[in-house]
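Accompanying notes for the structure given below.
The values are calculated or read from the model by the stated rules, or taken from the named source; none is laboratory data. Given the structure is predicted, the values throughout are model-derived calculations rather than measurements. Don't worry about glycine lacking a Cβ; one is built from the backbone with ideal geometry, like all the others, and counts go over all protein chains shown. When the accessible area is computed, the model is the full protein with side chains, heavy atoms only, and any ligands, DNA or RNA have been set aside. Shrake-Rupley method; radii C 1.70, N 1.55, O 1.52, S 1.80 Å.
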Amino acid sequence: QVQLVESGGGLVQAGASLRLSCSASGGTINTRGMGWFRQAPGKEREFVAAISSDGLTTRTIETMKGRFIVSRDNAKNMMYLQMYNLQPGDTAEYYCAAARSSWTILAPNFDVWGQGTRVTVSS
């Protein structure tokens, strides 16, 4: 059973950058689409970005395009989220997830979730 662990979160000032990492163990993610989601305090979980199993297809939520970039390294069983120009509105718990299929952006299609890493952006 694949397990996912996120890392790289922290407290930063507005305008800073962070790179989140998602490490997979217990199995390969090479055939799985992967995604990032976030949940801000008091809000619903929302989709952030997804990447296909081969890394050739990506999707980032429109409001984050140009600031958030998803990537993966299948040789290392890792996925990343590079975040630039962070704003207080980006404060949230960030989760990585592995899908049953090679590509999806729909939360119900992700069957393995990490525990989350917290990102806090101060103004």
What number of residues within the stretch 89-120 satisfy the criterion of being within 24 Å of G15 (Cβ to Cβ), in contact with a Leu (Cβ under 6 Å, 6 or more places away or on another chain) and part of a loop (DSSP other than H, G, I, E, B)? 0
If you take just the strands (runs of 3 or more DSSP E) that sit entirely in the stretch 27-83, which of them hold at least 3 residues that are among the hydrophobic types (A, V, I, L, M, F, W, C) and crowded, with 18+ Cβ neighbours inside 10 Å? 34-39, 45-51, 78-83
On the basis of being small (G, A, S) and open to solvent by less than 50 Å² (accessible area, probe 1.4 Å), does A107 make the cut? yes
